[in-house]
Amino acid sequence: MARMMYRDAVVSTIAEEMERDPSVVMLGEDIVGGMGTPGGPEAIGGIWSTSTGLFGKFGVDRVIDTPISESAIIGAAAGLALSGKRPIAELMFADFIGVSLDQIWNQLAKFRYMFGGKSRCPAVIRMAYGAGYNAAAQHSQSVHQILTGMPGLKVVMPSTPADVKGLLRTAIRDDDPVIFLEHKALYGMKGEVPDDPDFMIPYGHARLSRAGQDVTIVSSGLLLGFCETVADKLAAEGIGCDVIDLRCTSPLDEETILDSVEVTGRLVVVDEAPPRCGLAGDICALVANKAFASLKAPPEAVTPPHTPIPFARELESAYLPSADKIEAAVRKTLSWR
Amino acid sequence: MQLSREALLGAYRRMKVIREFEERLHVEIQTGEIAGFTHLYCGQEAVAVGVCDHLSVEDKIVSTHRGHGHCLAKGCDVNGMMKEIWGSREGLCKGKGGSMHIADLDQGMLGANGIVGAGAPIAVGAAISLKIDGQGKVAITFSGDGACNQGTTFEAMNMAVVTKAPCIFVFENNHYSEHTGFEYSVGTSKDIASRAEAFGMKVWRGDGTDFFSVYETMREVLDYVRAGNGPAAVEFDTERFFGHFEGDPQRYRGKGELERIRETRDCLKRFRESVTGAKLLTDADLDAIDAEVMDTIEGAVEAARAADRPTPQDVLTDVYISY
């Protein structure tokens, strides 16, 4: 095991996979940084430090610094994937999917189906998402609910450095298009990461990060840590919480959620995306439909309000689900019967 | 350079297959047997064949919603295509794609595309891949005077120049983007190629109703791009004999326009006049191909009618490789 930051898990996994497989290439805006400047290549490097050193190691053909052209970035990734490469495309901010959505939604996601199962499209689209930086409405969003609604994509959102390692390696080796969502407030998180060069986490398998008998809490990404804080606090009072880290929103590990709720009878889903037509409602509906007889309380959703993400520190704090809000929701489910 | 007799017969045959494929669909669609939207390529055959006759299976193309001609010219199977358009599970895409989404990766055909302008960035990615492979292969994106107005096309042109990708932007100007004239919708209406020039590419222009103009122009373009000079663009002025989609009443056409372009701008007629005038082929040579092609198309329609239909279970397959 090595101890490393979430962002270093990203860059080391990419480097290991590029080393292992010459068909892996990377492209995105400023992933080299400094191209065409007096400072020269790598004068700056990617803004998230998730591609540091790759240009020097793998060269201009495999680490492609692109213009600010998100449609062309995703489209080029699609063309590379259809031509036998394994592209890893980076969108600097997840919010930029809006600029490139056709290439994600109508192209990448649909090739295999539209072409009757005869194509392989092994593209990974990485993007930094999430609030917590006071970056306001266009640079803070959680986009998994939009992308999870698109058949043909796999959507992954790791919560720890170890999961970055195992889930990103799976993404790069996967033959289907994968959306890989990296929470920008987690880039500095440190954790133990397995050394095994083939360490992979299969998709559709959630992780139980806390175990308890009374309430099931489902989350992923930055908010998972908030849920763990709440679970640890309640454990001291003798209240046991299962905290389930989804890891992937597509495919969804329904079984782990349902198995847990069948024991606890209480569900709280905590999600950073807006509430309407979203992940929290989806999982509440799943449980209401398939584990109705086990329920002791109505399922609770803890999400931001249905507003754009505000700028000011006080406003962003009020917007985001907090440990207090999660705790209140858990206690609410316990107040029934 | 003089083409061999075999090359001339082959080019004529490939253009004629596209023509009769489309003419037959125009008839069959009116019976209601074929589902969905169909956009016919009739009139533009010289472009598809004049471009693709230079390509090997390793060269890639990305097509458009008006893609039957590009598919056939790049080597997609006539029967497989007809079955696909009929919605059969024996079709090239198992009946899941239809007219607008025919692809055959084994032939280097990366897909027709229902979204106008979506193909250009995909071709740039394919070209970057071919550049990495270093075998002198190219990727070609076909765009019309409609797609030339999409931002994706602009992004793709710049990206191709920046990455020095062996990508060729073929603009087929058929004068109509859907139901709107190019003099209204294209700011540089008489000169789409100048847009590519503005992005830093070398450009060519040719007559898209004359196979020999297309073929000779493309030889120069391909020599330039295969030599490692980066991307290039070419604009072919051509004609669309049918509407935007089948069922389009084409009230935007001028009086006698369709008759005039069929009379004076038909690439098959021009080919015949040219090769018989130069005594390279005889009318009998071409008539024999005409008869053979009619049989091919008749056989394809019969096969499509008789082919297996998909089952409701087929809805659920082919979304992912691993689930």
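Every read-out reported here was derived from the displayed coordinates using simple, explicitly stated rules and does not represent laboratory data. Since we're looking at a predicted model, the values are computed, not measured. Because the Cβ atoms are built from the backbone with ideal geometry, glycine has one as well, and the counts that use them run over all protein chains shown.
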Bins of 5 Å, starting at 0 and running to the largest distance - Cα pair percent for segment B:184-258
3, 14, 17, 18, 17, 13, 9, 6, 2, 0
Computed curve, the protein assembly as shown, Cα-only Debye sum without solvent term, log₁₀ I(q)/I(0) at 0.07, 0.08, 0.12 Å⁻¹, is -0.52, -0.65, -1.19
Give me the one-decimal nm value for the distance between modelled label points at residue B:263 and residue B:314, 7 Å along each residue's Cα-to-Cβ direction.
4.6 nm
Note on segment B:1-99: contact order normalised by length, alpha-carbon pairs under 8 Å, 6 or more apart, percent, works out to 25 percent
Using DSSP, restrict attention to beta bridges with both residues in segment A:2-193 and report what percent are antiparallel, rounded to the nearest 5.
15 percent
What are the semi-axes of the equivalent ellipsoid of segment A:2-193, taken as the square roots of 5 times the eigenvalues of the Cα gyration tensor, listed largest first and rounded to whole Å?
23, 19, 18
Asserting the computed 222 nm helical MRE of chain B (DSSP H runs at least 4 long, -39500 (n - 2.57) per run, divided by residue count, to nearest 500) equals -14000 deg cm²/dmol
Å³ per residue enclosed by the Cα convex hull of segment B:1-97:
103 Å³
Rounded, prolate or oblate (a/c below 1.5 giving rounded, otherwise prolate when a/b exceeds b/c) for segment B:137-282 by Cα gyration tensor
oblate
Quickly estimate the mean residue ellipticity at 222 nm for chain A, helices only: each DSSP H run with n ≥ 4 gives -39500 (n - 2.57), and the total goes over all residues, rounded to 500.
-10000 deg cm²/dmol
Above-threshold pairs, the threshold being 25 Å between Cα atoms, out of A:85/A:184; B:131/B:202; A:154/B:94; A:118/B:137; A:110/B:60:
A:85/A:184
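Can you tell me the relative contact order of chain A? Whole percent, Cα pairs under 8 Å, sequence separation 6 or more.
Details: 758 pairs, mean separation 52.1, N = 337.
Relative contact order of chain A: 15 percent.
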Scoring chain B by relative contact order with C-alpha pairs under 8 Å, at least six apart, yields a percentage of 21 percent
Write out the cysteines belonging to chain B for which the nearest other cysteine Cβ is not under 4.7 Å, or none if no such cysteine exists.
B:42, B:52, B:93, B:148, B:167, B:267
Average beta-carbon neighbours from other chains, 10 Å sphere, peptide B:91-103
4
Using only Cα atoms, tell me the angle between helix A:222-235 and the longest principal axis of chain A; keep it within 0 to 90° and round to the nearest 10.
30 degrees
Taking all pairs of distinct alpha-carbon atoms in segment B:63-207, Kirkwood radius in angstrom
15.8 Å
Once you put a point 7 Å from the Cα of residue A:293 and another 7 Å from the Cα of residue B:229, both along the Cβ direction, what distance in nm separates them?
7.5 nm
On a 0 to 90° scale, report how tilted helix A:279-290 is relative to the longest principal axis of chain A, with both axes built from alpha carbons and the result rounded to the nearest 10.
50 degrees
Under 15 Å from a point placed 7 Å out from the Cα of residue A:196 along the Cα-to-Cβ direction: which residues of segment A:1-33 have their backbone N that close?
A:1-2
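If the only charges are +1 at each Lys and Arg Cβ and -1 at each Asp and Glu Cβ, what is the size of the charge dipole of chain B around the Cα centre, to the nearest 20 debye?
Here chain B has a charge dipole of around 680 debye.
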Can you find, among A:193, A:231, B:249, the residue sitting farthest towards the positive end of the charge dipole of the protein assembly as shown, where Lys and Arg contribute +1 and Asp and Glu -1 at Cβ?
A:231
So what are the three principal axis dimensions of chain B from its Cα atoms, in whole Å, longest to shortest?
60, 51, 41
Here the residues of segment A:62-87 lying in the modelled label zone of residue B:321, meaning backbone nitrogen under 15 Å from a point 7 Å along Cα-to-Cβ, are A:78-87
Assign unit charges at the C-beta atoms only (+1 for Lys and Arg, -1 for Asp and Glu), then state the dipole size of the protein assembly as shown relative to its Cα centre in Debye, rounded to the nearest 20.
620 debye
When DSSP assigns beta bridges and you keep just the ones with both residues in chain A, what percent turn out antiparallel, to the nearest 5?
20 percent
Globularity index of segment B:31-82, i.e. its alpha-carbon radius of gyration over 2.2 N^0.38 Å:
1.22
Report, please, the projected area of segment A:207-334 averaged over directions, based on the convex hull of its C-alpha atoms, in nm².
7.4 nm²
With axes computed from alpha carbons, what is the tilt in degrees of helix A:323-334 against the longest principal axis of chain A, rounded to the nearest 10 within 0 to 90?
40 degrees
Rounded to whole Hz and in sequence order, give me ³J(HN,Hα) for segment B:2-16 from the Karplus expression 6.51 cos²θ - 1.76 cosθ + 1.60, θ = phi - 60°, writing x for Gly and Pro.
6, 7, 5, 4, 5, 5, 5, 4, x, 4, 4, 4, 5, 5, 5
Percent antiparallel among DSSP beta bridges confined to the protein assembly as shown, rounded to 5, stands at 20 percent
